[in-house]
1. Can we say residue 123 is without any contact (Cβ under 8 Å) to a residue 40 or more places away in the chain and in a helix (DSSP H, G or I)?
2. For residue 113, which of the numbered conditions (1) surrounded by fewer than 16 Cβ atoms within 10 Å (Cβ to Cβ); (2) over 21 Å from residue 148 (Cα atoms); (3) within 12 Å of the ligand (Cβ to nearest atom) fails to hold?
3. Among residues belonging to region 66-90 that are surrounded by fewer than 16 Cβ atoms within 10 Å (Cβ to Cβ) and over 15 Å from the mean Cα position of the chain (by Cα), point out the one that is farthest from the ligand (Cβ to nearest atom).
4. Condition check: under 11 Å from the mean Cα position of the chain (by Cα) and at pLDDT 95 or above. Does residue 60 satisfy that?
5. Search region 29-55 for residues that are part of a loop (DSSP other than H, G, I, E, B) and pair each with any residue that is loosely packed, with under 14 Cβ neighbours inside 10 Å when their beta-carbon atoms are under 9 Å apart and the residues are at least 6 apart or on different chains.
6. Specify which of the listed residues (27, 16) is away from the ligand (no atom under 16 Å from the Cβ), over 12 Å from the mean Cα position of the chain (by Cα) and exposed (fewer than 10 other Cβ atoms within 10 Å of the Cβ).
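The values are calculated or read from the model by the stated rules, or taken from the named source; none is laboratory data. Remember, it's a predicted structure, so these values are computed and weren't measured experimentally. Neighbour counts run over all protein chains shown; Cβ positions are idealised from the backbone, glycine included.
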Ligand code: THU
């Protein structure tokens, strides 16, 4: 038997250590939490994507009485961006979550299904997507969604 060890390096930044554009992206994600539709969980997530042309698009979670019919903030933002601007690559995504009257003190990390969609988007545009996961105590940052999805299944397997 042999072993494969996987390691992931995650940068933990304070807001003041982020670039100006990253601060704007995080602010857009935080502000998008206010427009989430979360009558069932009360867990408001906001996501904001930075396009190649510098534009910022945001989205939030949209819940449904038939629970699986709802959609996470990350996919809402990415699908809206790809539907509206199919030629614009996505360079970064910021995510923030508001729960029980405050932004979370643990970094909000994308669910498995969203990671898969972010991977597809990264591959589609051929540009690594920086992922900024906000918390009140620090922002987790990785340079590529692949850091959050080791041993991923992507389009290259179908060629
Ligand atoms: N949710 C997101 O929108 N993004 C995440 O990264 C984690 C979870 C949503 C789904 C659901 O509406 C609520 O948060 C609770 O799971």
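1. yes
2. (2)
3. Narrowing region 66-90 to residues surrounded by fewer than 16 Cβ atoms within 10 Å (Cβ to Cβ): 66-69, 79-80, 83-84, 86-87.
Checking the rest, the ones that are also over 15 Å from the mean Cα position of the chain (by Cα) come to 66-69, 83-84, 86-87.
Numbers: 66: 13, 67: 8, 68: 11, 69: 11, 83: 18, 84: 20, 86: 23, 87: 26 Å.
Among residues in region 66-90 that are surrounded by fewer than 16 Cβ atoms within 10 Å (Cβ to Cβ) and over 15 Å from the mean Cα position of the chain (by Cα), the one farthest from the ligand (Cβ to nearest atom) is 87.
4. On the way: under 11 Å from the mean Cα position of the chain (by Cα): yes; at pLDDT 95 or above: yes.
Here the answer is yes, as residue 60 does meet what is asked.
5. Pairs that qualify, where the first residue is part of a loop (DSSP other than H, G, I, E, B) and the partner is loosely packed, with under 14 Cβ neighbours inside 10 Å, are 39/65; 40/64; 40/65; 40/67; 42/100; 43/100; 52/87; 54/21.
6. Working: 27 fails: exposed (fewer than 10 other Cβ atoms within 10 Å of the Cβ).
The match here is 16.
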